[in-house]
Amino acid sequence: MPVLASPSSGSPAMATGPISGDQPFIQVRDLVKTYGDVHAVSGISFDVMPGEIFGFLGHNGAGKTTTIRMLTGRTRPTGGSATIAGHDIVRDRDAIKPLINLVFEDQNLYERFTAIQNLEIFADLYGVPRRRGLELLEMVRLTDAAKRKVKTYSSGMKQRLLIARSLINSPKVLFLDEPTRGLDPTSARELRDLIRRLSDGGTTVFLTTHYMEEADELSDRVAFLSAGKIVALDTPRELKLRFGSRTASVLLRDRQEQTIALDDPADAGRLAGWMRDDQVLTMHSQEGTLEDVFIALAGRSL
Ligand code: ATP
C-alpha cells in the first residue's frame with residue numbers, strides 16, 4: 001500500500017483536473033469550517049494516496065464528520081481547498097460524485113424489502129445493471145441471506161449491506177464514518193476484513209473510528225484530530241514509536257510478573273539486576289499503543 005512518510009504541510013497551489021499514477025487521490029489544504037463562533041475544522045492539510053486506508057481519529061466534536069461532510073460535498077468549506085482525483089470539492093462536485101460514496105451512522109435501509117431488493121433500487125438509481133446487486137452481496141458475504149427481509153438482519157449484516165449499497169457505483173473513495181460502532185467483536189472483525197479487501201482491490205478508504213485497535217490494525221496512516229486541528233499524522237507504527245511508551249513484561253523465577261518501562265533508566269536498572277541474578281524466566285517487549293499516543297497528544301483517552 002502506498003504510504004507517505006510524513007504529513008503534508010503548507011499550502012502548495014493545487015492543480016485541478018484528472019490525476020494518475022502515484023499522486024495523492026485526496027489533497028486537502030488549510031480546510032476550514034466555522035459555524036458562527038464554532039471552529040469545527042481549523043485549517044487542516046493532508047494527502048491520501050490511492051488505495052490507502054486513512055484513519056481519521058479524534059474525540060467527539062473534534063471535526064471528523066464535518067471534514068467528511070465537506071469532502072463529500074454535503075457542506076461548503078468556509079476556507080481552504082481540497083481536491084479528489086484532481087477535482088475541486090466545491091467547483092467540480094458533479095465530477096466527484098461518481099467517484100465517491102459514503103457510509104455513515106444513521107443511514108437507513110428499506111427494512112421491509114429484501115437485501116437484493118434494496119440493492120436493486122440503488123442500482124436503478126445509479127443506472128447500473130441490477131446484477132451488480134448480486135455481485136456485491138457476494139462480496140460482503142450475504143448471498144445466502146439475499147432474499148431475507150432486512151428487518152430480520154443483525155446489526156453486522158445491516159452494516160455489511162450498507163457497505164454493499166455504497167459500492168453500487170464502484171466508488172474510488174469510500175468514506176466510512178464509524179463503520180463498526182455498536183457491532184459485536186465477530187461482526188466488527190468481518191467488517192474489518194471487508195474493508196481490507198476493498199483496499200486490496202484498490203479502493204481508497206477514509207475511515208473514522210473511536211476504536212484505536214481498529215485504527216491501528218486497518219490504517220496505513222492515521223491523522224489525529226483535536227479541536228479541529230491535525231495534531232499528528234503518520235503510520236501507526238511510527239506514531240507509536242515516537243509518542244508511545246515502550247514496555248516489557250518480565251516473568252521472574254518467583255512467578256511474579258513485572259512491567260517495566262524501557263525508556264525509564266530506573267526500570268532498566270531493575271531489569272539489569274534481575275538478569276545479573278538470573279531471575280528472568282521470560283520477557284516480552286511491546287511498543288506503545290495508539291491509545292497511548294492519543295493520550296500523549298490530546299491529553300485524554302478516546
Ligand atoms: P463525533 O465523534 O461526535 O461525531 P466529530 O469529530 O465528528 O464528533 P463534528 O460533528 O465534525 O465532530 O463537530 C465538530 C464541531 O462542530 C462540534 O463542536 C459540533 O458541535 C460543531 N458542529 C457540527 N455541525 C454543526 C452545525 N451544523 N451547526 C453548528 N455546529 C456544528
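From the list I100, I116, which one is within 15 Å of V205 (Cβ to Cβ) and among the aliphatic types (A, V, I, L, M)?
None of the other options fit; the residue is I100.
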Q) Of D278, D267, which residue is of a type outside the set (A, V, I, L, M, F, W, C) and in contact with a strand residue (DSSP E or B) (Cβ under 7 Å, 6 or more places away or on another chain)? A) D267
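Hey, among G79, G73, G55, which residue is among the small types (G, A, S), in the same structural domain as Q159 (by TED's automatic domain parsing) and closer than 23 Å to D216 by Cβ? Show your work before the answer.
Values: G79 fails: closer than 23 Å to D216 by Cβ; G73 fails: closer than 23 Å to D216 by Cβ.
Selected residue: G55, the only one of G79, G73, G55 that is among the small types (G, A, S), in the same structural domain as Q159 (by TED's automatic domain parsing) and closer than 23 Å to D216 by Cβ.
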**Q.** Conditions (1) within 27 Å of F25 (Cβ to Cβ); (2) surrounded by fewer than 18 Cβ atoms within 10 Å (Cβ to Cβ); (3) touching a Ser or Thr at 6+ places or on another chain (Cβ under 8 Å): number failed by D177
**A.** (2)
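So if I check each of S187, S199, which one is crowded, with 16+ Cβ neighbours inside 10 Å and over 23 Å from R69 (Cα atoms)? Walk me through it before giving the result.
Working: S199 fails: over 23 Å from R69 (Cα atoms).
Of S187, S199, the one residue that is crowded, with 16+ Cβ neighbours inside 10 Å and over 23 Å from R69 (Cα atoms) is S187.
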(Q) Any residue that is under 30 Å from E105 (Cβ atoms) and away from the ligand (no atom under 16 Å from the Cβ) - is there at least one of those in the stretch 255-268? (A) no
Q) Just checking, how many residues over the stretch 174-193 are free of Cβ contacts under 8 Å to residues at least 60 places away in the same chain and farther than 15 Å from F54 by Cα? A) 12
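Any chance you could count how many residues in the stretch 125-149 are open to solvent by 80 Å² or more (accessible area, probe 1.4 Å) and part of a helix (DSSP H, G or I)?
First, pick out the residues of the stretch 125-149 that are open to solvent by 80 Å² or more (accessible area, probe 1.4 Å): 125-126, 130-131, 134-135, 138, 141, 144, 147-149.
So of that shortlist, the ones also part of a helix (DSSP H, G or I) come out as 125-126, 131, 134-135, 138, 144.
Of the residues in the stretch 125-149, 7 are open to solvent by 80 Å² or more (accessible area, probe 1.4 Å) and part of a helix (DSSP H, G or I).
Residues that are among the acidic types (D, E): list the helices (runs of 4 or more DSSP H) wholly contained in the stretch 194-302 that include at least 2 such residues.
On the way: elements: 212-218, 236-243, 265-276, 290-298.
Ranges flagged: 212-218, 290-298.
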Q: Within the stretch 165-190, track down each residue that is within 16 Å of the ligand (Cβ to nearest atom), more than 25 Å from T114 (Cβ to Cβ) and not in a loop (DSSP other than H, G, I, E, B).
A: F175, D177
Q) When the stretch 211-239 is examined, which residues are found to be away from the ligand (no atom under 16 Å from the Cβ), over 12 Å from L297 (Cα atoms) and not basic (K, R)? A) E213, D216, E217, L218, S219, D220, D234, T235, P236, E238
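The values are calculated or read from the model by the stated rules, or taken from the named source; none is laboratory data. Since we're looking at a predicted model, the values are computed, not measured. As a convention, Cβ positions derive from the backbone with ideal geometry for all residues, glycine included, and neighbour counts pool all protein chains shown. SASA here: full protein model, heavy atoms, side chains in, ligands and nucleic acids out. Shrake-Rupley method; radii C 1.70, N 1.55, O 1.52, S 1.80 Å.
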